[in-house]
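J.: Just passing along the structure, written as C-alpha cells.
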Amino acid sequence: MSYAQNIKGILLDGKNNKPLVSANVYIKNTHEGFSTSKKGRFALELSNQALVSDTIYFSHVGYLTKKITILEFLKTNHVVCLYKPSDQQ
C-alpha cells in the first residue's frame with residue numbers, strides 16, 4: 001500500500017530527553033530526508049511511492065541508528081529516542 005502525506009515528530013536523547021539537533025531522518029533508497037531543528041523536530045514529505053513498509057532511519061553522530069517502518073512510526077506518539085552505545089545495558 002502506498003502512502004502519501006507528511007509525517008512529523010521529534011527526536012530526543014533517550015537518556016536525558018533533550019532534543020537532538022541536526023540529526024538525520026530519512027527513508028532508505030529515496031531522496032526523502034530531513035535534519036532535525038534546534039528543538040529536535042522533523043517533518044518528512046512522503047511521495048506517492050512511499051510504502052507503509054518503507055523504513056525511516058534516525059541517526060546522529062555518537063548515537064546508535066534507529067530504524068522503524070512508516071507503519072510502526074504512525075502507531076507511536078511520534079517521539080523517537082536515540083541512545084549512545086554507552087547508554088545501552
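Each value in this text was obtained by applying a stated rule to the coordinates, not by laboratory testing. The model shown is predicted, which means the values in this text are computed figures rather than measured ones. Backbone-built Cβ (ideal geometry, glycine too); neighbour counts: all protein chains shown.
J.: Step by step: first the residues of segment 14-34, then only those that are closer than 16 Å to Ile56 by Cα and touching a Gly at 6+ places or on another chain (Cβ under 9 Å), then the one that is surrounded by the most Cβ atoms within 10 Å (Cβ to Cβ). Which residue is that?
T.: Per the stated criteria, the residue is Val25.
J.: Let me ask something else about it. Go through segment 57-89 and report how many residues are surrounded by 14 or more Cβ atoms within 10 Å (Cβ to Cβ), within 13 Å of Leu12 (Cα to Cα) and aliphatic (A, V, I, L, M).
T.: 3
J.: Please give the number of the condition Cys81 fails out of (1) outside any loop (DSSP other than H, G, I, E, B); (2) without any contact (Cβ under 8 Å) to a residue 24 or more places away in the chain.
T.: (2)
J.: What are the residues in segment 1-17 that are of a type in the set (D, E, K, R), out of contact with any Cys (no Cβ under 8 Å at 6 or more places or on another chain) and either on the phi > 0 side of the Ramachandran plot or not in a loop (DSSP other than H, G, I, E, B) (or both), if any?
T.: Passing the criteria: only Lys8.
J.: Shifting gears a bit: Looking only at segment 37-56, filter to residues that are over 14 Å from Tyr26 (Cβ atoms) and not hydrophobic (A, V, I, L, M, F, W, C); which one of those is surrounded by the most Cβ atoms within 10 Å (Cβ to Cβ)?
T.: Here the answer is Gly40.
J.: Go through segment 16-34 residue by residue and tally those that are closer than 18 Å to Ile68 by Cβ and of a type in the set (S, T, N, Q).
T.: Within segment 16-34, residues that are closer than 18 Å to Ile68 by Cβ and of a type in the set (S, T, N, Q) number 3.
J.: Can you tell me which residues in segment 39-53 are in contact with a strand residue (DSSP E or B) (Cβ under 8 Å, 6 or more places away or on another chain) and either over 22 Å from Cys81 (Cβ atoms) or in contact (Cβ under 8 Å) with a residue 40 or more places away in the chain (or both)?
T.: Those that are in contact with a strand residue (DSSP E or B) (Cβ under 8 Å, 6 or more places away or on another chain) and either over 22 Å from Cys81 (Cβ atoms) or in contact (Cβ under 8 Å) with a residue 40 or more places away in the chain (or both): Glu45, Leu46, Asn48, Gln49, Ala50, Leu51, Val52, Ser53.
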